[in-house]
Amino acid sequence: MKPKTVPTLSKKDRSFVFLILGFLLFGIIIIADSTIIHSDSLYNDPYRFVFLQVGWVLMGLAGFFFFYNRDYKKMDKIAGLMFGVNILFLIVLAFVALLPCSSDVFFAPCINGANRWFYLNAPPLPKLPLLGVVGFQPGELAKLTLIMYLGIMLPKKLQENKSVFSIYAVVTGLLFLLVIAQPNMSTAVMVAAIGTIVYFSSGAPVKPLLVVVPVALLLGVLLILSSPYRKERFLTQLKGFDNNDRSEGYHIKQIQIALGSGGFFGVGLGQSRQKYYYLPEVASDSIFAIIGEEFGFLGTALVIVAFSYLIYRGFEIAKNAKTLRGRLLASGITSWIGLQFFVNIGAMTQLLPLTGVPIPLISYGGSSMVFSLMGLGILANIGKETAK
């Protein structure tokens with residue numbers, strides 16, 4: 001009897017995985033560099049942030065290899081469980097968001113006017129050794145669970161010659177509303193975009209989208225106008241800002257200074273001036289500005305080229321997938337990672353308003369890191385099959 005062969009990564013996909021590992025290492029180095037001052041000031045420990053990031057990277061890699069070694073065609077139960085749990089957490093946050101910020105719900109505190117975090121062991125519960133209080137953002141998980149759910153359900157319904165538009169519209173719409181209730185518009189828009197891309201990739205009729213897209217754009221305008229904070233961001237993008245602006249304009253100005261100071265070759269690793277309390281969100285949303293300051297135009301160009309290859313390879317895996325499920329999962333995951341990257345770059349270069357969207361694999365943060373790596377594990381799993 002001929003032994004069963006186990007699919008392995010092709011040479012091209014080995015480079016894909018090594019590129020992911022390279023981004024993780026690069027991100028840890030930049031985070032160590034950019035947070036050392038803040039960390040020492042806040043915690044009397046210059047490496048607290050980088051130690052936390054290393055922990056999240058290790059958790060994410062565990063998730064990556066879990067899904068890499070699990071047949072993506074047999075993920076129905078785990079996808080359903082993850083989706084259901086995610087919905088439950090989002091519903092809880094949506095109800096908590098109805099309360100005034102002063103209510104101070106211990107497991108879902110109001111931070112900067114929003115309830116986006118769910119803490120698993122917030123006080124009065126005991127802290128975990130080394131980790132302390134552990135929390136995550138269900139909105140980040142929603143991107144992955146939406147892709148998994150639609151990637152599994154749409155092919156099933158299409159195989160039965162049933163319409164899939166209602167599934168796409170209800171599931172994507174539900175997640176959008178639950179995330180926007182926190183409120184978290186940037187993540188909600190990302191969820192809607194990802195769901196639409198997965199639906200489009202299924203080959204289902206596009207005609208219904210001709211109604212959905214204009215309605216979604218109108219809803220987006222209403223959401224911007226209904227929030228003074230969102231309105232300020234949008235107007236700052238349209239009108240620009242003056243040097244006395246201490247809010248959105250200040251953030252943009254500091255990004256410009258960082259990118260402009262870098263020139264072509266950069267000021268050198270560890271030599272950033274903007275990390276000294278000038279640039280907000282220095283290791284998360286604004287980390288690209290630090291890369292530009294320290295490594296210059298050349299460094300940022302190399303990051304963009306490397307990420308573009310990662311995205312290209314993801315779509316190539318989607319194109320060569322042997323099943324519709326594989327194609328939808330690969331298209332959704334690649335679009336998610338690619339959209340986040342280019343939306344962040346667009347915000348840093350003033351092509352888009354500041355959004356709070358981090359760079360996958362590089363920016364500081366646990367939820368984005370862990371769930372992105374889990375998604376990339378599924379993508380690499382599909383890549384194994386296409387390599388056969």
Condition set touching a Ser or Thr at 6+ places or on another chain (Cβ under 7 Å) and not aromatic (Phe, Trp, Tyr), scope the range 35-55, selection surrounded by the most Cβ atoms within 10 Å (Cβ to Cβ): answer is 50
Per the list (1) among the polar types (S, T, N, Q); (2) crowded, with 19+ Cβ neighbours inside 10 Å; (3) assigned to a loop (DSSP other than H, G, I, E, B), residue check on residue 172 breaks on (3)
Test of understanding: among 348, 374, which residue is modelled with pLDDT under 95 and either under 24 Å from residue 27 (Cα atoms) or among the basic types (Lys, Arg) (or both)? 348
Answer yes if at least one residue in the range 334-354 is part of a loop (DSSP other than H, G, I, E, B), without any contact (Cβ under 8 Å) to a residue 60 or more places away in the chain, crowded, with 22+ Cβ neighbours inside 10 Å and hydrophobic (A, V, I, L, M, F, W, C), and no otherwise. no
Given the conditions (1) at pLDDT below 85; (2) surrounded by 16 or more Cβ atoms within 10 Å (Cβ to Cβ); (3) closer than 17 Å to residue 348 by Cβ, every one holds for residue 262 apart from (1)
Part of a helix (DSSP H, G or I) and closer than 23 Å to residue 18 by Cα: is that true of residue 308 in this structure? yes
The one condition in (1) assigned to a loop (DSSP other than H, G, I, E, B); (2) over 29 Å from residue 259 (Cβ atoms) that residue 328 fails to fulfil: (1)
Which numbered condition residue 58 misses (of (1) within 30 Å of residue 293 (Cα to Cα); (2) surrounded by fewer than 19 Cβ atoms within 10 Å (Cβ to Cβ); (3) in contact (Cβ under 8 Å) with a residue 12 or more places away in the chain): (3)
Condition check for residue 284: out of contact with any helix residue (DSSP H, G or I) (no Cβ under 7 Å at 6 or more places or on another chain), modelled with pLDDT under 95 and closer than 30 Å to residue 151 by Cβ: yes
Matching residues in the range 181-198 - criterion: being without any contact (Cβ under 8 Å) to a residue 40 or more places away in the chain and not polar (S, T, N, Q): 189, 192
Number of positions in the range 265-298 that are without any contact (Cβ under 8 Å) to a residue 40 or more places away in the chain, on the phi < 0 side of the Ramachandran plot and surrounded by fewer than 19 Cβ atoms within 10 Å (Cβ to Cβ): 8
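The values are calculated or read from the model by the stated rules, or taken from the named source; none is laboratory data. Quantities reported herein were computed from a predicted structural model and do not represent experimental measurements. Please note: Cβ atoms are built from the backbone with ideal geometry, for glycine as well, and neighbour counts cover all protein chains shown.
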